[in-house]
DNA sequence: TCGCCCAACTGGCTTGAGCCACTTGCTGGC
DNA sequence: GCCAGCAAGTGGCTCAAGCCAGTTGGGCGA
């Protein structure tokens with residue numbers, strides 16, 4: 001890292017962005033405040049409008065700021081997190097009769113809605129096939145796609161994969177799966193969830209995800225690839241969760257293994 | 001979502017980006033391949049260079065593509081993940097005499113390096129103070145900052161916070177903390193790690209983080225706020241992990257609680 | 001043969017101009 | 001008193017041109 005990377009030799013757009021970032025972090029521009037318009041910024045810094053525009057783009061990329069067409073550019077409000085705890089898999093939550101998402105929504109005083117856009121027999125993606133221990137080149141799974149909303153705001157996209165040979169001709173092929181949801185039906189099939197494995201990563205959303213999650217630029221997604229193991233250590237369900245990272249977090253609380 | 005959001009009425013830059021994305025996903029442009037230069041793209045699509053440039057910027061934002069000054073724009077190679085498992089806290093890993101990071105690096109055949117840029121008594125950030133149960137308005141903690149490298153590539157930034165009243169006058173104030181690292185010294189103080197709580201979120205990096213982690217545009221970070229609880233449920237250590245999300249993932253494997 | 005240098009290519013960034021679409025508030029007509 | 005419509009302000013996006021800074025390879029001179 002050369003020392004010149006600091007501020008003197010920096011291009012104007014970065015200098016403007018840095019100056020605005022400083023103002024935001026120091027509180028001069030409070031949360032929700034409106035930034036000067038692109039044309040005004042350009043004049044203030046003696047630059048072209050496109051240069052001011054580029055500075056704002058940099059801040060938007062960092063998730064600091066949001067542009068609203070026709071209105072202005074605003075400092076992004078910190079969003080309170082919608083938190084998914086590892087106890088979402090806990091049996092005791094079953095007793096409430098609510099699915100984990102509805103339970104979490106209720107805790108936060110929000111109205112949950114769950115759409116089921118599709119349920120279909122499919123070839124599994126490679127990573128799912130590997131974890132569910134089924135062939136990737138056959139239509140060996142049932143894919144249930146769910147969209148979750150809290151107060152009509154999209155929160156997460158979930159793709160659940162089940163073995164076709166187990167799910168066929170059961171309620172698992174229906175949108176309404178009955179008491180205790182899919183885990184209830186999977187218990188009927190002899191699978192008691194005993195351990196779970198969650199693989200977590202983060203990335204920028206695809207355009208399709210940005211659209212269904214209604215994401216602003218500069219917001220990444222959290223991806224969780226979840227595997228449920230039964231009392232015999234057999235994987236019987238794999239789900240891919242795609243969360244918007246500006247609204248959601250994950251909480252894992254676990255004992256330290258000897 | 002209006003149907004016009006599909007492709008006809010789209011601005012040219014998006015149209016070009018979408019076309020390139022299609023070529024990348026279909027494999028026409030394989031991983032590592034060089035895209036046509038900005039000037040060539042512009043001509044191909046009958047657009048200005050700036051418009052082609054904008055299309056490339058969109059793809060870079062999505063993490064699909066990386067520009068190299070003077071060389072060209074290339075399809076980003078999928079990076080193998082450096083995976084941090086929840087067993088990184090496990091006692092049995094102590095027996096190897098390696099810290100969790102060195103152990104994981106060794107598993108993957110890489111050379112681990114850990115820098116300790118600073119160890120200092122400080123006022124804790126609010127979220128840390130709350131979790132460690134210390135006052136936020138006093139210099140109540142010791143802050144140990146660590147930078148982790150695998151094969152000289154930066155992987156994560158870790159800030160560990162310990163109670164000042166416990167850490168003072170111990171090896172916890174030194175870079176070299178002795179056998180079993182800080183957890184060994186904390187056990188000497190009577191804290192056996194019994195449960196852990198990890199709070200996970202994702203966001204875009206700050207410019208400072210992008211610099212120390214050597215991050216390309218379009219790569220988010222995973223942030224883990226970790227709390228260690230002892231045999232009596234008392235929190236005795238809080239750490240903030242900032243991982244580059246293009247190289248690292250997290251793995252949690254845990255029993256389902258009744 | 002070796003090595004230096006330069007030309008031609010790449011992306012990085014800015015300029016200044018223009019048109020479009022969305023939002024807001026004011027004003028004038030009914 | 002109401003409301004339609006317009007004007008002024010905002011960001012969205014494009015264009016054409018230009019200069020700068022890395023990268024590469026070929027050719028020329030020692």
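The values are calculated or read from the model by the stated rules, or taken from the named source; none is laboratory data. On a predicted model such as this, the values are computed, not experimentally measured, just so you know. So basically every Cβ, Gly included, is an ideal-geometry build from the backbone, and we count neighbours across all protein chains shown.
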When the range A:42-71 is checked residue by residue, the ones that are assigned to a helix (DSSP H, G or I) and within 30 Å of residue B:221 (Cβ to Cβ) are A:50, A:51, A:52, A:53, A:54, A:55, A:56, A:57, A:58, A:59, A:60, A:61
Can you tell me how many residues within the range B:26-66 are away from DNA strand D (no atom under 11 Å from the Cβ) and within 32 Å of the chain's Cα centre (by Cα)?
19
Can you tell me which residue among A:42, A:55 is within 14 Å of another protein chain (Cβ to nearest Cβ), within 16 Å of DNA strand C (Cβ to nearest atom) and modelled with pLDDT of 95 or more?
A:55
Return the total of residues in the range B:69-84 being within 13 Å of residue B:105 (Cβ to Cβ) and crowded, with 19+ Cβ neighbours inside 10 Å.
2
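Residue A:76: within 14 Å of DNA strand D (Cβ to nearest atom) and within 25 Å of residue A:241 (Cβ to Cβ), yes or no? Break it down stepwise before answering.
On the way: within 14 Å of DNA strand D (Cβ to nearest atom): yes; within 25 Å of residue A:241 (Cβ to Cβ): yes.
Criteria met by residue A:76.
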Which one of the conditions (1) closer than 29 Å to residue B:213 by Cα; (2) modelled with pLDDT under 95 does residue A:89 fail to meet, given that it meets all the rest?
(1)
Condition test on residue A:172, is it touching a strand residue (DSSP E or B) at 6+ places or on another chain (Cβ under 7 Å), away from chain B (no Cβ under 13 Å), surrounded by 21 or more Cβ atoms within 10 Å (Cβ to Cβ) and part of a helix (DSSP H, G or I)?
yes
Within the range A:226-257, residues under 12 Å from residue A:200 (Cβ atoms) and away from chain B (no Cβ under 11 Å) come out as A:240, A:241, A:242
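Residues B:113, B:144: which one is on the phi < 0 side of the Ramachandran plot and modelled with pLDDT of 95 or more? Show your work before the answer.
On the way: B:113 fails: modelled with pLDDT of 95 or more.
On inspection, the qualifying residue turns out to be B:144.
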So in the range A:127-159, with the set limited to residues that are within 21 Å of the chain's Cα centre (by Cα) and without any contact (Cβ under 8 Å) to a residue 40 or more places away in the chain, which one is nearest to residue A:214 (Cα to Cα)?
A:149
Could you check the range A:59-82 and list, in sequence order, the residues that are away from chain B (no Cβ under 12 Å) and within 16 Å of DNA strand C (Cβ to nearest atom)?
A:66, A:67, A:68, A:69, A:70, A:71, A:72, A:73, A:74
Only residues that are assigned to a loop (DSSP other than H, G, I, E, B), within 14 Å of another protein chain (Cβ to nearest Cβ) and touching a helix residue (DSSP H, G or I) at 6+ places or on another chain (Cβ under 9 Å): list them for the range B:181-197, please.
B:191, B:192, B:193
Of the numbered conditions (1) farther than 19 Å from residue A:50 by Cα; (2) within 13 Å of DNA strand C (Cβ to nearest atom); (3) out of contact with any strand residue (DSSP E or B) (no Cβ under 8 Å at 6 or more places or on another chain); (4) in a helix (DSSP H, G or I), residue B:15 fails exactly one; give the number of that condition.
(2)
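Residue A:97 - would you say it is out of contact with any helix residue (DSSP H, G or I) (no Cβ under 9 Å at 6 or more places or on another chain) and at pLDDT below 95? Quick ask: steps written out before the conclusion?
Values: out of contact with any helix residue (DSSP H, G or I) (no Cβ under 9 Å at 6 or more places or on another chain): yes; at pLDDT below 95: yes.
It is true that residue A:97 is out of contact with any helix residue (DSSP H, G or I) (no Cβ under 9 Å at 6 or more places or on another chain) and at pLDDT below 95.
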